[in-house]
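The values are calculated or read from the model by the stated rules, or taken from the named source; none is laboratory data. Nothing here was measured: the structure is a model prediction, and the numbers come from that model. Every residue, glycine among them, receives a Cβ derived from its backbone with ideal geometry; neighbour counts consider all protein chains shown.
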Amino acid sequence: MPISIRIVAADTREPVAGVKVGLCTIGADGGDGGNATFLTDENGMADIGANWGRCRNQVYLVPPTSSRFRETAYEHADEMFVIWGDGTFSPREFQLKLKLGTEEISTDFHPLDIIAVGAHPDDVEIAIGGTLAKLVRQGHRVGIVDLTDGEPTPGSPGPEVRLAEAQAAAKILGVQMRLTLDLPNRRLFDGYEARVALAKVFRKYRPKVVLGIYGKTPMASPDHWQAMQITDAAVFYSRLSKWDAEFDGLPVHTIQKLIWYPLGWASATHETPGSFVIDIGETLETKLASIRAYRTQFPPGKERVFRMVESQAKLLGGLTGVAAGELLISPHPPVVGDLLTQFSTA
Ligand SMILES: [Zn+2]
């Protein structure tokens, strides 16, 4: 039976490839019984072969150069790797410790299932507030990232008020995390720093799905178009290997799916390729309440916004046979598993 050892990151438990696994066999007399080294594959597995008798081994691990992991020394080996006479062995897994100074980055993260990215606080509420509230009710861990704090803006007395409104809106939606990056409002441009800033958030919170802005918003802030470019790029940057130093040593993370949301009607309709509708019949009121949390942005004189948001949701719902809906766009055609379950009603 082949014997293999799995090497994982001490913080994220992700398999680590390219680790040199050294085994120093301790002989029956307690002396050095020989050395052998092996390399882990992309699944973090080091296959050490089958021809081992009963033995104890000290383990040392040499992580890939310039990774965020610390090399294990022989004399500080945590535990022995033991192979029993019948071919069984333990432990199955060893953890790569982090280099000093990087622990604080990786111990306070709480992985999220979904992250929605907007240019300004209120972008995601207006476009997909119902979807986010629904995802939370379905038991998923949801985060919101605003690339800017949206300041300055005509109606607001200052950034603190705007931030407080954003946090209040997040609370209404029930999302687990809301982060405001300090990229500049009105002067938001797709660029290397902005991409890295957002990719760091992805690497830290490790979402499976990212929701980003789709298309132009004519006559509204040009930041939205830039936010779309930044988000698309950051999804890609998040998974690039051999570049950890650019991201404070945060490990690579592959996002499984990028989905776009249009802001307003101008950039996309239900006829846009890849579009689909989320049923938000049960969360439309929550969505409207979350938008109302932005009191400085939507004072009584701006009731029109709520009528538009509500009409749009009901029109999409009417088109698709539900009470209310929100439009999302998949870069690739969405796949349906069971046609009957998906499209028939009980
Ligand atoms: Zn906006």
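Points to keep in mind about this one:
- All conditions but one from (1) in contact with a strand residue (DSSP E or B) (Cβ under 9 Å, 6 or more places away or on another chain); (2) under 17 Å from Leu188 (Cβ atoms) apply to Thr153; the one that does not is (1).
- Residues satisfying the stated conditions in the range 149-164, i.e. surrounded by fewer than 23 Cβ atoms within 10 Å (Cβ to Cβ) and either touching a residue at least 40 places away in the same chain (Cβ under 8 Å) or within 16 Å of the ligand (Cβ to nearest atom) (or both): Asp149, Glu151, Pro152, Thr153, Pro154, Gly155, Ser156, Pro157, Pro159, Val161, Leu163
- Conditions (1) touching a residue at least 24 places away in the same chain (Cβ under 8 Å); (2) at positive phi: number failed by Gln256: (2)
- Residue check, Ala220 over 17 Å from the mean Cα position of the chain (by Cα), hydrophobic (A, V, I, L, M, F, W, C), surrounded by fewer than 21 Cβ atoms within 10 Å (Cβ to Cβ) and within 16 Å of the ligand (Cβ to nearest atom): yes
- Highlighted here are the strands (runs of 3 or more DSSP E) found entirely within the range 141-241 that include at least 2 residues which are assigned by TED's automatic domain parsing to the domain that holds Ala119 and closer than 14 Å to Ile255 by Cβ: 142-146, 209-214.
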